[in-house]
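Working notes, structure below.
The values are calculated or read from the model by the stated rules, or taken from the named source; none is laboratory data. Here the structure is a predicted model, which is why all the values come from computation and not from measurement. With ideal geometry, Cβ positions are generated from the backbone for all residues, glycine too; neighbour counts draw on all protein chains shown.
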Amino acid sequence: MPVIDKIKEVFHSKKPHRSDTAPTIPAENEGEATPYLPTEPVFDDSKVIVIFVLGGPGAGKGTQCERLVKDYGFAHLSAGDLLRAEQDRPGSTYGDLIKDYIREGKIVPMEVTVKLLENAMRVSLSNPPVTSGPLAEHWKNGKGRFLIDGFPRKMDQALKFDEAVCKSSFVLFINTTEEVMLVRLLERGKTSGRADDNKESIVKRFRTFVETSMPVVDYYRAREKVVEIDSSPPADVVYDNVRVAIDERLPDSPTYLGQSSSTTFTTSTPIVATTPSQSAPAGLTHQVELGQA
Ligand SMILES: Nc1ncnc2c1ncn2[C@@H]1O[C@H](COP(=O)(O)OP(=O)(O)O)[C@@H](O)[C@H]1O
Ligand SMILES: O=c1ccn([C@@H]2O[C@H](COP(=O)(O)OP(=O)(O)O)[C@@H](O)[C@H]2O)c(=O)[nH]1
């Protein structure tokens with residue numbers, strides 16, 4: 001049976017599990033790390049804030065996340081980086097599979113990516129990325145705040161993450177045209193060493209984005225959970241707009257620090273897009289073993 005079918009068999013198994021993170025696995029896979037996802041959220045969304053950062057390949061998601069980490073004390077989890085780390089991990093069951101999917105610009109089966117994210121979140125919550133200063137408050141008493149970059153890119157991932165890991169707060173949609181993204185990716189490709197920053201893979205990634213990932217953005221938009229930022233201008237200008245959007249959504253952002261330390265984060269406030277839609281839509285902080293809790 002292909003590896004991915006085995007993963008799915010385990011993932012959807014109703015049999016009892018050895019623990020939260022170690023599923024009942026096919027005998028031939030015994031001893032290997034195998035993704036298992038529960039049917040209720042692992043993390044409490046009243047304590048753990050999750051912001052999805054979406055946008056086409058090369059739109060500037062990672063660039064904006066890096067800045068946000070410094071100013072807001074987020075943990076930045078790039079789904080692509082986690083997948084590349086798992087791909088390169090010696091002995092990974094999923095290495096070859098991930099490599100093929102990334103080169104073809106396709107979306108790796110959600111069981112793998114969701115599990116990697118869950119594991120990385122667990123690591124951040126037990127080893128907070130900020131331990132001193134005012135931003136450390138966001139990581140005390142089981143609290144945490146995450147930017148999940150480049151995920152979810154497919155509807156099944158979105159629904160599964162909300163169900164099994166943590167209910168997300170909102171989507172930061174970093175958006176520009178394919179022309180802009182192409183130029184940025186080809187430039188990045190000169191130094192990134194990434195197997196997919198080449199013209200052939202880029203074209204496939206654009207197609208996947210439009211056909212598979214935009215429906216995710218539309219899904220959240222219909223629920224008023226999308227804030228869209230035009231990422232065509234220089235990165236600093238984009239960031240100014242990103243900050244405004246984040247400040248509107250996080251009452252205890254640095255702008256508000258000192259005014260109220262007991263402000264409750266709410267996910268029910270409607271989101272207003274800060275920029276008009278573009279016509280043609282189009283990072284690593286943690287390396288975690290897939291089976292690691
Ligand atoms: N606003 C911007 N203006 C110009 N170049 C940018 C901008 N944002 C990002 N870049 C550059 O474009 C490339 C892609 O950005 P990156 O943040 O890696 O995109 P993504 O994470 O969406 O794939 C990088 O080389 C980055 O330095
Ligand atoms: O949830 C995800 C995120 C990424 N990827 C794969 O990883 C690649 C690179 O994604 P990344 O976010 O690193 O880069 P981007 O395309 O945004 O520049 C994608 O094309 C997909 O093949 C995936 O399968 N699932």
- What helices (runs of 4 or more DSSP H) completely inside region 54-152 contain at least 3 residues that are over 18 Å from S201 (Cβ atoms)? 61-72, 79-88, 110-126
- Item | Matching residues, region 89-117, being hydroxyl-bearing (S, T, Y) and within 8 Å of ligand 2 (Cβ to nearest atom) | Y101, T113
- Can you tell which of R89, R84, R67, R122 is of a type in the set (D, E, K, R), more than 17 Å from R153 (Cβ to Cβ) and within 16 Å of ligand 1 (Cβ to nearest atom)? R67
- Query: Is there any pair with a first residue in region 89-104 that is under 13 Å from L116 (Cβ atoms) and a second that is within 11 Å of ligand 2 (Cβ to nearest atom) and in a loop (DSSP other than H, G, I, E, B) whose Cβ atoms are under 7 Å apart and which are 6 or more apart or on different chains, and what are they?
  - Reply: I98/V108
- Note on the structure: Among G62, G58, the single one that is of a type outside the set (S, T, N, Q), within 20 Å of A245 (Cβ to Cβ), modelled with pLDDT of 95 or more and within 16 Å of ligand 1 (Cβ to nearest atom) is G62
- Within region 153-172, residues being within 16 Å of ligand 2 (Cβ to nearest atom), farther than 19 Å from K106 by Cα and assigned to a loop (DSSP other than H, G, I, E, B) number 3
- Any pair with Cβ under 9 angstrom, 6 or more apart, that starts in region 192-209 at a residue that is among the aliphatic types (A, V, I, L, M) and ends at one that is surrounded by 16 or more Cβ atoms within 10 Å (Cβ to Cβ) and part of a loop (DSSP other than H, G, I, E, B): I202/P57; I202/G58; I202/G105; I202/D196; V203/G105
